[in-house]
Structures are given as C-alpha cells and as structure tokens.
DNA sequence: ATCTTTGTTAACCGTTTGGTTAAACCTTAT
DNA sequence: ATAAGGTTTAACCAAACGGTTAACAAAGAT
C-alpha cells in the first residue's frame, strides 16, 4: 500500500473516505470530515467522485472486493473440508485483525440498503455454495464426516469467525475483558474455532 | 402489547421511535419521520423526550432490557450446560424471530457509540460470565464435557445464535435463498445449532 | 510566449435538520 | 362560568448539510 503523502489526490480521497465511512457509516459520515481527513478542499470530493453516494459506493466496492476472495477460498478450492475449515479460520481471523472495521462496515451497510447490495451481487463474480455443498455430501458418504448439512455448516463457519469482530463491544462487556484481553481471545480463536468445528463434524 | 390506538401519546412516540430507529439507526432516523409514524406533531417528541439523543436512549435501553434476561438465563440458571445450550438456542431463535431488527440495532449502535454503552453497563444489572465459567470447569472435571474453555464456548454460542440475524442479507445472498428459504434455515437452526455445539463438547 | 486543459480553492446556495415558541385547545376543579 | 393545568399545533429559527460556482493556479501542448 502506497504512502498517503506520495499518493495522488484521488487516492488520498478514497483512503480518507474509507476511514470515515467505516467508522461512522454512510449516514453518520460528513463530506467535510472526509475532506479534512484527506487534507484537501471539500469541492475536490465532488470533482473526483461527483456525489457522496458515488464516493460511498467506491469505498464499499473496494472493501467488498477484499472479502470476496476469502469466501471463494473456502467455497471453491480443492482441499478437504477439514483443511478448508482450518485454513479459512486461521487466514480469516488474521486478515480481519488487520482490518477490524471491515466486517461491521459491510454488514451495517448491507442492512441499510439491500438494493445496492443486490446490484453489486450481479456485477461481481459472486461466490456460490454449490461446490461446497456437494463436497460435504461426498465426505459424508465416504464416512469422513458425520451426517452434516452443507448450508448449516457454512453458516456455522461464518458465524464463528465473523461475529466476534462485529460484536466486539458487546463481547468485551460480557466477558469483562479490555483491549488486550480481547486480542488474546481472538488469537486463541485461530485454533479454538477450527478445533470446535472439526470436533463436531468429523467421524 | 397494547394497541397503539389505545395508548397514550408518550407510548405512541416510543413505539414509533423504536420502529424508525431500529430500521435506520440513530444517524439515519429523522425526527419528522418518527412524528409521522406516530401520527402526531413533531414538537410533541421534544415535549416528552427533550431531544433526539434522549429519545434514542429510551428506545435503546428498552431494547437492551429485552435481551438482558435472555443472557442471564444461560449464564445464571441451574441446569446443566447441555440443557442450557439446548434451551438458549431454541428460546433465543424463537424470540429473535419475533424481533428480527433487535440484534442488528443493538450491535450497530454499540459500535457507533461505545461510551453510551458503558454508561448502560454500569446502571443495568449487567450479566457476568463467572458462574458459567465455573460450571464448565466443573463439568469438564466430572468427565461430562471434553476439555473446554468457558469463555470461548460462550462466544461460540453467541456467534452461532446471533450472527445469522445480524448478517441476514449476506447469508441470503451467499446461500441463494429468498425470504422463505431463509426462514426455513432459521427454523432448522433451533435444533441444528444446539446439536452442533453438543456434538463438539460432550464426551 | 500563449493557449488549453486539468487541478484546486474560497465563497456561496438551497434544503434539510433538530429544536423552539407562542398561541390555541382540552380537561377538570372550583 | 371560569380560572388553571397540562397538551397539541403551525409557524418559525439557526445551524449543518451536500453540492455548485467562478475565479485562479499549474502543467503541457503548440
């Protein structure tokens, strides 16, 4: 990633917009604050991106494009289910630890405007569950896994990996841990989650 | 719940505010829209609740007060871990199916303003993990459960139960299901989630 | 050198927003 | 009847908002 100071104006704007939108959401973000963050005049935002809506869509699409490959890895590569679970859990948690605002941003804005999300769904090469589903069925037949529904398993995997990052303040409060304690918990989860899943589905 | 038409103005406002705030969040909600929803003049909102912030806090506190007892059930009653997991999963999913906006509202606003949440944490009888943690340790010693960390197990349980309601649009898209298909999936989860957990931790 | 295009700014504009006000409207006690 | 209290309304207000404009600066092209 390039140093902001050496980037051109358009890139500086996108970086600033990403920061502000991810912290405050579409409704809470202010064009002036994005301009201040980027260290430029507010008119430049409109010069490069026309409107708040279009600037937001640029930020959202860029963010979503970061996540999609992670999904495709678990859905469409050729390793076994057990390997997929282990790799996805470890990789995803590592990845999100570096971008902690990302999941909440995506989910918050998907809920705010499902229409825009449907548009994205058609344009992007959107991941599908087909291959994963078949693979689970096959490994059940082969006696590698206990009887397991692919859809439910996939939702389990997403829930266990993503939820803690979405509900960080709630979990901190309920567990009574601070920033450090939470980070330790997350670090533990890189193995705890995959062990928990494998233990449940492996024969 | 009383019929809105037979309620007094203050109650009508709170109901209308709940609906609008839960759909659009603090930043997206408009006082005029709340007034319209309640069928009254905008000035009445300020007459009864002084400001948008105070009206919002009334809505948030009421919503949180609905969820806290659910948490306490799994943390502080006297049944076994297995029973707790089964009951919590079934009860929580049933409960949230009737209030689908609730989890996302709480989480979204907790992330937006962690300070306000800390205030709430001190005032309310806030659930703690202490008893649950001890109980897990005990059942592990007794050979009922495999070696299990109480904290991680609790995060697992919350994640599996809450996440699908928070990320509904994402899950619908990835699984390629419509409203009906999603509802079926959720209905299945009342047993699928508890079986999945028990299978993993029970000796 | 001068023209043209692109990038940048301060000032401005119309609208929307949360919030206020003063007058009117009930209800009820005397 | 009427005075007093709380309740409700239309009209209004200042501030904040997204967006525009016109003038200016920088950089290439001829």
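Nothing in this text is a laboratory measurement; each read-out follows from the coordinates by a stated rule. Here the structure is a predicted model, which means the values were calculated and not measured. Every residue, glycine as well, gets a Cβ built from its backbone with ideal geometry; the counts of neighbours run over all protein chains shown.
Using per-residue counts of other Cβ atoms within 10 Å, averaged over each peptide, order B:41-54, B:189-202 from highest down.
Final packing ranking: B:189-202, B:41-54.
By the gyration tensor of its Cα atoms, with a ≥ b ≥ c the square roots of the eigenvalues, what is the shape of segment B:128-203: rounded for a/c under 1.5, prolate for a/b over b/c, or oblate?
Taking the square roots of the gyration eigenvalues as a ≥ b ≥ c, segment B:128-203 is prolate.
Relative to the other copies, what are the label-point distances for residue A:187, with labels 7 Å from Cα along the C-beta vector, expressed in nm at one decimal and sorted shortest first?
When each copy's label point is compared with this one, the spacings are 4.6 nm.
Defining the label point at 7 Å along Cα→Cβ, can you sort the distances from residue B:198 to the same site in each other copy, shortest first, in nm?
Its label point is 2.5 nm from the equivalent points in the other copies.
Under a GNM of chain A (C-alpha, springs under 10 Å), which listed residue has the highest mean-square fluctuation: A:145, A:120, A:175?
So, out of A:145, A:120, A:175, the one fluctuating most is A:175.
Across peptide B:22-31, what mean number of C-beta atoms from other chains lies inside 10 Å of a residue's C-beta?
Counting Cβ atoms of other protein chains within 10 Å of each residue's Cβ and averaging gives 3.
Using a Gaussian network model of chain B with C-alpha springs under 10 Å, which one of B:152, B:12, B:135 is most mobile by mean-square fluctuation?
Checking each option, the largest mean-square fluctuation is seen for B:152.
Taking beta carbons within 10 Å but only from partner chains, what does the mean come to for residues B:103-111?
Taking the mean over all residues of the peptide, I get 5.
Report the Rg/Rh value for segment A:11-50, based on alpha-carbon coordinates and the Kirkwood definition of Rh.
0.92
Tell me the distances, shortest first, between residue A:115 and the same position across the other copies, using label points 7 Å along Cα→Cβ, in nm to one decimal.
3.5
Tell me, in nm to one decimal, what length is gained between residue A:51 and residue A:138 on full extension, where the rule is 0.36 nm per residue of separation less the Cα-Cα distance?
Here the answer is 26.4 nm.
Any idea how far apart residue A:80 and residue A:68 come out in nm if each label point goes 7 Å out from Cα toward Cβ?
Result: 3.2 nm between the two label points.
Students often check this: by mean Cβ neighbours within 10 Å, which of A:110-116, B:85-91, A:61-67 ranks highest, and how do the rest follow? Numbers along the way, then the final one.
Details: A:110-116: 16.6, B:85-91: 19.6, A:61-67: 15.0.
Sorting A:110-116, B:85-91, A:61-67 by mean packing, highest first, produces B:85-91, A:110-116, A:61-67.
What shape does segment B:1-140 have by the C-alpha gyration tensor, where a ≥ b ≥ c are the square roots of the eigenvalues, rounded means a/c under 1.5, and otherwise prolate means a/b greater than b/c and oblate the rest?
prolate
Taking only DSSP H segments of four or more residues, each worth -39500 (n - 2.57), what value at 222 nm results for chain A once the sum is divided by all its residues, to the nearest 500 deg cm²/dmol?
-25500 deg cm²/dmol
Using a Gaussian network model on chain B with a 10 Å cutoff between Cα atoms, which of B:142, B:32, B:22 fluctuates the most?
B:142
Quick one: grab the alpha carbon gyration tensor of the protein assembly as shown, order the square roots of its eigenvalues as a ≥ b ≥ c, and give me rounded if a/c is under 1.5, else prolate or oblate depending on whether a/b is larger than b/c.
oblate
Looking only at other chains, what is the average number of their beta-carbon atoms within 10 angstrom of each beta-carbon in B:136-148?
0
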